[in-house]
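Presented below is the structure to which this report refers.
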Amino acid sequence: MTEDTQQYTEPTGGSQTRFEAVERPGQQLDQRVASTTPQHNAVPLQSASAQSEFCALDPRVIKLWRVTNLIGWGVILIVSLAGATIFALRNPEVMPWIFFTWPALFGLCGWLIYWRPRRLYRSWGYRVDDRVLETRSGLLFQVTRLLPLARVQHVDLQRGPLERTFGLSSLILHTAGTHEATTIIPGLEAGEAVRLRDHLVAVGGDDAV
């Protein structure tokens, strides 16, 4: 390895004296190492899971939930109206209470049937990598679940009559060694549900069938 030199002369009286400034390779190496040494105040990199965005459910699940709620709450309204009518005929003094209570109950059911599904859809999300499935849900209280894919025993696809009508599927994951042994992702497009199931089975190990 050669040494880099810089030459210059300095006049001293009638003669010139020659000097050589020698720069050793070790000094350059030390400077390069110092310049590449990480500082303590460097910002740590985020994980791939933190950088990725949550995947939303299929928007058609809003209509599915509305129809499902309409059927369920419709039955409750009809039965309660019939019972309140019979009770009011036998006890006329409670008629004013029924007259004021029934619109409030009807308004509550209307909110649960029409507006709640849209807000529930916005609260739902999921993301998956090669190790973990993360789900997020909840209106008043946001619940986040982390499911290690190594614990997945088997994965099911569920499609009821209404889900088939809207072209949707629900993905059900059964796990081992957890308090809640079943995780459900509703409102997936049928083809996306199949692709997600195949991915989870492929990375979940030999037990994920």
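See the values below:
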{"item": "Test result for Arg131, closer than 19 Å to Ile62 by Cβ, in contact with a strand residue (DSSP E or B) (Cβ under 9 Å, 6 or more places away or on another chain) and assigned by TED's automatic domain parsing to the domain that holds Thr183", "result": "no"}
{"item": "Elements of type strands (runs of 3 or more DSSP E) in the range 64-173, at least 2 residues being of a type in the set (Val, Ile, Thr) and surrounded by 16 or more Cβ atoms within 10 Å (Cβ to Cβ)", "result": "152-158"}
{"item": "Matching residues in the range 81-111 - criterion: being farther than 22 Å from Val67 by Cα and of a type outside the set (A, V, I, L, M, F, W, C)", "result": "Gly83, Thr85, Arg90, Asn91, Pro92, Glu93, Pro96, Thr101"}
{"item": "So Leu173, is it at pLDDT 90 or above and touching a Ser or Thr at 6+ places or on another chain (Cβ under 7 Å)", "result": "yes"}
{"item": "One residue from Glu163, Glu180 being at pLDDT below 90 and not aliphatic (A, V, I, L, M)", "result": "Glu180"}
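The values are calculated or read from the model by the stated rules, or taken from the named source; none is laboratory data. On a predicted model such as this, the values are computed, not experimentally measured, just so you know. Heads up, the Cβs are rebuilt from the backbone with ideal geometry, glycines too, and the neighbour counts pull from every protein chain shown.
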